1. Looking only at region 48-66, which residues are in contact with a helix residue (DSSP H, G or I) (Cβ under 6 Å, 6 or more places away or on another chain), farther than 17 Å from Pro284 by Cα and either assigned to a strand (DSSP E or B) or of a type in the set (A, V, I, L, M, F, W, C) (or both)?
2. How about region 190-233: which strands (runs of 3 or more DSSP E) wholly inside it have at least 1 residues that are basic (Lys, Arg) and farther than 23 Å from Ser167 by Cα?
3. Could you count how many residues in region 1-42 are farther than 15 Å from Ala279 by Cβ, not hydroxyl-bearing (Ser, Thr, Tyr) and not in a strand (DSSP E or B)?
4. Would you point out the residue of region 74-128, among those that are β-branched (Val, Ile, Thr) and more than 16 Å from the ligand (Cβ to nearest atom), that is nearest to Ile60 (Cα to Cα)?
5. Report, by residue number, each residue of region 274-288 that is in contact (Cβ under 8 Å) with a residue 60 or more places away in the chain and buried (at least 22 other Cβ atoms within 10 Å of the Cβ).
6. Name the residue that is farthest from the ligand (Cβ to nearest atom), counting only residues in region 136-159 that are within 20 Å of Glu198 (Cβ to Cβ) and part of a loop (DSSP other than H, G, I, E, B).
Amino acid sequence: MKILVFGSANVDHTYQMPHLVRAGETLSSRIYARNAGGKGLNQAVALGKAGNRVYFAGAIGSDGGFLHEELEHAGVNTRFLRQVDAPTGHALIQVDENGQNAIILFSGANGQIAPEQVDETLQHFDAGDWVLLQNEISCGEYILRKAHERGMHVALNPSPISAELLSWPLDRTDLFLLNEVEGEDITGETEPERMLEEMLKKYPDARVVLTLGEKGALYGAKNERLYQAAFPVKPVDTTAAGDTFTGYFLQSVVQGKPLQEALRTAACAAAIAVSREGAGKSIPLVDEVEKELQQG
Ligand code: RIB
């Protein structure tokens, strides 16, 4: 069984800030870093570092070579990554002293993905393979429809949420991985348990993972409900914590691990990512995660 991440690759410009900038305020940053990021890239890197056979499809510009290297370094197959005539997508990320962030996105090459690239890529995948999507590239809805038509399993991290994404045929999703903000936008509920129940009412055939940051994560499918506490950690940078959770959880699902174990492994990997700076580079290798799980 193969896993395809069809998603964004960004150059992350990260600024350490005393606090997130307020409207009208000018504030100096103490530390600046340029890293590989993008929800698609981060999730592919997490799957790769977790030890999976994972493919990444997406688009970068001529300035995105180090993103390609980051994917390869994590063991991700990049044969479906294209170089296009546009600047690589980028993100401006502020990280405050509590590790919380605020992100501005510029799609760049991520917005150049066309149906032709989707068709060319998906023909290499079969029924039973998985595709993992987010909402930072063009053609997201087309990929969802076409992958479902091929009989692929669809995992969706509906992030960042948008009015357009809410019009996608989301009932074709097999596994949702979302946070409270996204859960509220899809269901209108504000309380996590009710959010989960509403998701399962709207999408009764789907499995749903609701990540709640330091409050842990909830899982639901049909009559099954699980809870996983977050691992305690001193946050340094929460960027890519959700992406790490997503990649590690999907890896365990594909391997057929018990779901409580899948949640625990994902929560542990996400906690390690939160304790480090950056996006892709903060994601731990499976050996580190296993060692931490044994100690905890
Ligand atoms: O989820 C974190 C990611 O969101 C960052 O790496 C940034 O590129 C944005 O896509």
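All of the numbers you see were taken from the coordinates with simple rules; none came from a lab. Because the structure is a prediction, the values reported are computed rather than measured. Here the Cβ is made from the backbone with ideal geometry for all residues, glycine too, and neighbour counts use every protein chain on show.
1. Once the filter is applied, which keeps residues that are in contact with a helix residue (DSSP H, G or I) (Cβ under 6 Å, 6 or more places away or on another chain), farther than 17 Å from Pro284 by Cα and either assigned to a strand (DSSP E or B) or of a type in the set (A, V, I, L, M, F, W, C) (or both), region 48-66 yields Phe56, Ala57, Gly58, Ala59, Ile60.
2. On the way: elements: 207-211, 217-221, 224-228.
Qualifying strands (runs of 3 or more DSSP E): 224-228.
3. The number of residues fulfilling the criteria is 13.
4. Applying the first criterion (β-branched (Val, Ile, Thr)) to region 74-128 yields 76, 78, 84, 88, 93, 95, 103-104, 113, 118, 121.
Among the residues that remain, those that are also more than 16 Å from the ligand (Cβ to nearest atom) are: 78, 84, 118, 121.
Numbers: Thr78: 12, Val84: 6, Val118: 15, Thr121: 16 Å.
Within region 74-128, the match that is nearest to Ile60 (Cα to Cα) is Val84.
5. Hits for region 274-288 are Val274, Gly278, Ala279, Gly280, Ile283, Pro284.
6. Among them, the one singled out is Pro158.
Conditions tested, residue by residue: (1) in contact with a Gly (Cβ under 8 Å, 6 or more places away or on another chain); (2) over 18 Å from Gly40 (Cβ atoms).
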| position | (1), (2) |
| --- | --- |
| Thr173 | no, no |
| Glu184 | no, yes |
| Pro192 | yes, yes |
| Glu198 | yes, yes |
| Asp205 | no, yes |
| Val236 | yes, yes |
| Leu263 | no, yes |
